[in-house]
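The values are calculated or read from the model by the stated rules, or taken from the named source; none is laboratory data. All values reported here derive from a predicted model rather than from experimental measurement. Note: ideal-geometry Cβ built from the backbone for every residue, glycine included; neighbour counts use all protein chains shown. We work out accessible area using only protein heavy atoms, side chains counted, and drop any ligands, DNA or RNA first. Shrake-Rupley method; radii C 1.70, N 1.55, O 1.52, S 1.80 Å.
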Amino acid sequence: MKKAAIIMGSDSDWTVMKKAAVTLKDLGVPFEVHVYSAHRTPEEAAEFAGNAANRGFGVLIAGAGMSAALAGSLAAKTTLPVIGVPLDAGLQGVDALLSTVMMPPGIPVGSVGVNAAKNAALLAAEILALGEPELTEKLAAQKAAMHDAVLEKDAKMQETVKEL
């Protein structure tokens, strides 16, 4: 199975991005975590993205706040899918969200919601699952469990309403 990369602009982003790592680990998806900044270590970030496919990666997850240039700078150097996680580092993350989704033509970046690292990991897993039936089954089981949990909550709500 190809690996996923979790790249963040600062180690302070780990509190949010750890959710992506935990999700990938729970699904059995191999991954690496790195700190590369689009502004402070642009050469290293570009080198990582440029060589990611040759190193066995199938998708990159990039978490950054404020100007959130990391996802776009990685996407400029690879043909692998890049998923941006806009982080709330100011303005409730709206600045990072807009920076992540407003890519120029030819440099696509998928985006999830502000601080939604878990969803980024799930999307990465869905991309990697295209050629991995076992991973597809794990994702389907996870969705089935969510389905059942919601129906269980609905049943409890019906009992609560009857008691009014």
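Quick rundown of the values:
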| item | result |
| --- | --- |
| Residues that are among the β-branched types (Val, Ile, Thr) and more than 14 Å from the chain's Cα centre (by Cα), drawn from segment 24-43 | 35, 41 |
| Residue satisfying all of: in segment 102-126; open to solvent by 50 Å² or more (accessible area, probe 1.4 Å) and assigned to a helix (DSSP H, G or I); farthest from residue 90 (Cα to Cα) among these | 126 |
| Residue 98 vs. criteria at positive phi, surrounded by 11 or more Cβ atoms within 10 Å (Cβ to Cβ) and either out of contact with any strand residue (DSSP E or B) (no Cβ under 7 Å at 6 or more places or on another chain) or modelled with pLDDT of 95 or more (or both) | no |
| Test: residue in segment 10-20 that is open to solvent by 10 Å² or more (accessible area, probe 1.4 Å), touching a Phe, Trp or Tyr at 6+ places or on another chain (Cβ under 8 Å) and closer than 26 Å to residue 129 by Cα | no |
| Residue within segment 143-152 that is more than 21 Å from residue 63 (Cβ to Cβ), open to solvent by less than 70 Å² (accessible area, probe 1.4 Å), free of Cβ contacts under 8 Å to residues at least 40 places away in the same chain and in contact with a Leu (Cβ under 9 Å, 6 or more places away or on another chain) present | no |
| Spans of strands (runs of 3 or more DSSP E) in segment 23-92 with at least 1 residues surrounded by fewer than 21 Cβ atoms within 10 Å (Cβ to Cβ) and free of Cβ contacts under 8 Å to residues at least 60 places away in the same chain | 31-35 |
| Test result for residue 85, under 13 Å from the mean Cα position of the chain (by Cα) and within 19 Å of residue 131 (Cβ to Cβ) | no |
